[in-house]
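Chemist: Sharing a structure below in structure tokens format, with a few things to ask.
The values are calculated or read from the model by the stated rules, or taken from the named source; none is laboratory data. Since we're looking at a predicted model, the values are computed, not measured. Backbone-built Cβ (ideal geometry, glycine too); neighbour counts: all protein chains shown. Please note that ligands, DNA and RNA were not included when accessible areas were found on the heavy atoms of the full protein model with its side chains. Shrake-Rupley method; radii C 1.70, N 1.55, O 1.52, S 1.80 Å.
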Amino acid sequence: MKIYNTLTKKVEDFVPNEAGKVKMYTCGPTVYHFAHIGNLRTYIMEDILEKILRYSGYDVTRVMNITDVGHLSSDGDTGEDKMLKGAKREKKTVLEIAEFYKNAFFSDCEKLNIKYPDIVDPATNCIDSFIAMVKALEDKGYAYFADGNVYFDTTKVENYNELSGHSTEELMVGVRDDVTEDLNKRNKSDFVLWFTKSKFDDQELKWDSPWGVGYPGWHIECSAICMKHLGNKLDIHCGGIDNIFPHHTNEIAQSEAYTGEKWCNYWFHVHHLNDETGKMSKSKGDFLTVSLLESKGYDPLAYRFFCLQSHYRKPLVFSYEALDQATGAYNKLIRRIASLKKDGEVDTAFVESAKQEFIDKVANDMNTALGITCIYDILKANVNDVTKLEALKSIDYVLSVGLIDRAEKLNSQASSTQSENASNDNIDPELKAKIEELIAKRREAKKAKDFASADAIRAELSDMGVTIKDTREGTVYTLN
Ligand code: AMP
Ligand code: ZN
């Protein structure tokens, strides 16, 4: 396996600390709102990385935190707490919204075939570990207490900028202009490990600590949760590129100050999904979620397929036109797989060589687009259908775009569509013509991306007692 390492800025052979075993850590979601499909691009790519490692025979342990406390709205140490903001918006408690959006996140992951991590730990469950780590940093002289908060002194570590590649001058301006400076900091890049004082709204969740009642900073969370479950040495740490600075930079500084040795060997970062106006966000324009895509008739796995067509280290621009194209190619592929016959004997030699070719391609810095070309190569190969199915099943463990599952669903849908359409033969011909006219109008509206009209037609049909269902074969309906 070769992978680009943000730390060395090179594609390198992946060699874990312990032969055959991989310790992997992923920054989890801040559960104050739904994940947008940009966040989920990162989780899809991390899922592929994990599955390539497993497919290659590694025993992987993957840990993910859930940020349910301490993530301020600026990535520095300022701004309102995102969780508190979310709780106020929905008139609920912080723990209620954390529970709701954590479940929503994993439900989106399930729809996108993203495997549940081996260990998931929310920050509110690890307060003792944070306090112990902050205390140790203070005892070692890396942390200082100033006006109620505990800060990490970034000048005490060597190579603070190694991961980000920033220069010290850049850092001075890198701290956002719109953020008022915290005068307690000895250096601009210092960051808060533990708060007992914030000039913003009071926290809902607070804990006792040696420095007074307070709450943790964001960065300490990931280092402490990672070490709690994986020990002092980590093989690979993942996140989106916005996490490189300051989050991962600060994680390295405090972790290595704590252990006194190198912490993590490989840093894997996924570039952003942007919309046509720039970076995707939860507050601006159309808030793109998996549920929104589903409500517009898209299969979440077609979105996964769309993501896999591009390299994870390149920015990807989302548009409905681009998703339509990917969906068209995906549906065509599924129809082709659905037509494969299931009789005959599997040519195991072919399956093994197809698997090898696939892993050679995708394990080279995660070239998922080449991985997809393997699907087409298998379909074109001069072997029987069951052999093709067997090879596809195996490589879809990694790609997880539901090649076999969706093809089987399509075949069972096709037979139920036939029987549903046959049962509509008894409907009054005039009513039947009206229903079919409305369905055709709705199809046109959806094609023109006029989702409001499409929804209005669905409601009109519902008032007439007609339930419609969109399938890959078109819209089917039943009269109640
Ligand atoms: P958050 O819930 O904000 O902590 O973000 C969860 C993950 O999504 C992190 O790994 C971020 O780096 C990543 N992320 C944030 N915005 C985007 C985006 N537009 N495209 C891809 N990944 C993103
Ligand atoms: Zn993190």
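Chemist: Sort out which residues of the stretch 109-157 are aromatic (Phe, Trp, Tyr) and either modelled with pLDDT under 95 or open to solvent by less than 10 Å² (accessible area, probe 1.4 Å) (or both), and write them in order of number.
Modeler: PHE130, TYR151, PHE152, listed by residue number.
Chemist: Please enumerate the residues belonging to the stretch 208-263 that are without any contact (Cβ under 8 Å) to a residue 40 or more places away in the chain, open to solvent by 10 Å² or more (accessible area, probe 1.4 Å) and closer than 23 Å to GLU12 by Cα.
Modeler: ASN232, ILE241, GLU261, LYS262
Chemist: Another one. Please pick out the residue among HIS269, HIS237 that is over 23 Å from SER129 (Cα atoms) and within 14 Å of ligand 2 (Cβ to nearest atom).
Modeler: Going through HIS269, HIS237 in turn, just one is over 23 Å from SER129 (Cα atoms) and within 14 Å of ligand 2 (Cβ to nearest atom): HIS269.
Okay, residues lined up against (1) over 16 Å from CYS126 (Cα atoms); (2) within 16 Å of ligand 1 (Cβ to nearest atom):
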site	(1), (2)
LEU193	no, no
GLU204	yes, no
ASP208	no, no
PRO216	no, yes
ILE220	no, yes
MET227	no, no
GLY231	no, no
ASP235	yes, no
GLY239	yes, yes
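Chemist: Still on this structure, I have one more. Given the options PHE287, PHE305, name the one that is modelled with pLDDT under 95 and under 30 Å from ASP405 (Cβ atoms).
Modeler: Working: PHE305 fails: modelled with pLDDT under 95.
That would be PHE287, the only listed residue that is modelled with pLDDT under 95 and under 30 Å from ASP405 (Cβ atoms).
Chemist: Output the helices (runs of 4 or more DSSP H) that fall wholly within the stretch 18-115 and possess 2 or more residues being under 18 Å from ASP202 (Cβ atoms), or say none.
Modeler: Working: elements: 37-55, 82-90, 94-111.
The qualifying helices (runs of 4 or more DSSP H) are 82-90, 94-111.
Chemist: Something else about it: Return the only residue of GLY76, GLY38, GLY20, GLY86 being in contact with a strand residue (DSSP E or B) (Cβ under 8 Å, 6 or more places away or on another chain) and either modelled with pLDDT under 95 or among the β-branched types (Val, Ile, Thr) (or both).
Modeler: GLY76
Table: residues versus (1) touching a Phe, Trp or Tyr at 6+ places or on another chain (Cβ under 6 Å); (2) of a type in the set (Gly, Ala, Ser); (3) more than 30 Å from ASP405 (Cα to Cα).
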site: GLU96; (1), (2), (3): no, no, yes
site: TYR101; (1), (2), (3): no, no, no
site: PHE105; (1), (2), (3): no, no, no
site: LYS115; (1), (2), (3): no, no, no
site: ALA123; (1), (2), (3): no, yes, yes
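Chemist: Any residue at all in the stretch 316-338 that's under 29 Å from ASP470 (Cα atoms), surrounded by fewer than 19 Cβ atoms within 10 Å (Cβ to Cβ), touching a strand residue (DSSP E or B) at 6+ places or on another chain (Cβ under 6 Å) and among the small types (Gly, Ala, Ser)?
Modeler: No: the stretch 316-338 contains no residue that is under 29 Å from ASP470 (Cα atoms), surrounded by fewer than 19 Cβ atoms within 10 Å (Cβ to Cβ), touching a strand residue (DSSP E or B) at 6+ places or on another chain (Cβ under 6 Å) and among the small types (Gly, Ala, Ser).
Chemist: Now, a different point. Restricting the search to the stretch 17-31, which residues are buried (at least 21 other Cβ atoms within 10 Å of the Cβ) and touching a residue at least 60 places away in the same chain (Cβ under 8 Å)? Break it down into steps so the answer makes sense when it comes.
Modeler: Residues of the stretch 17-31 that are buried (at least 21 other Cβ atoms within 10 Å of the Cβ), as a first pass: 22-31.
If the condition is that a residue be buried (at least 21 other Cβ atoms within 10 Å of the Cβ) and touching a residue at least 60 places away in the same chain (Cβ under 8 Å), then VAL22, LYS23, MET24, TYR25, THR26, CYS27, GLY28, PRO29, VAL31 are the ones that fit.
Chemist: Which count do you get for residues in the stretch 268-278 that are within 10 Å of ligand 1 (Cβ to nearest atom) and either without any contact (Cβ under 8 Å) to a residue 60 or more places away in the chain or surrounded by 18 or more Cβ atoms within 10 Å (Cβ to Cβ) (or both)?
Modeler: Within the stretch 268-278, the first condition is being within 10 Å of ligand 1 (Cβ to nearest atom), and the residues that meet it are 269-275, 278.
With either without any contact (Cβ under 8 Å) to a residue 60 or more places away in the chain or surrounded by 18 or more Cβ atoms within 10 Å (Cβ to Cβ) (or both) added as a condition, the list becomes 269-273, 275, 278.
So the count comes out to 7.
Chemist: A follow-up question, please. Among the residues of the stretch 1-16, write down those that are open to solvent by 40 Å² or more (accessible area, probe 1.4 Å) and assigned to a loop (DSSP other than H, G, I, E, B).
Modeler: MET1, THR8, LYS9, VAL15
Chemist: Within the stretch 36-48, can you find the residues that are within 16 Å of ligand 2 (Cβ to nearest atom) and open to solvent by 10 Å² or more (accessible area, probe 1.4 Å)?
Modeler: ASN39, THR42, TYR43
Chemist: Quick test of your reading of the structure: ASP182 fulfils all but one of (1) open to solvent by less than 50 Å² (accessible area, probe 1.4 Å); (2) modelled with pLDDT of 95 or more; (3) among the charged types (D, E, K, R). Name the failing condition by number.
Modeler: All conditions are met except number (2).
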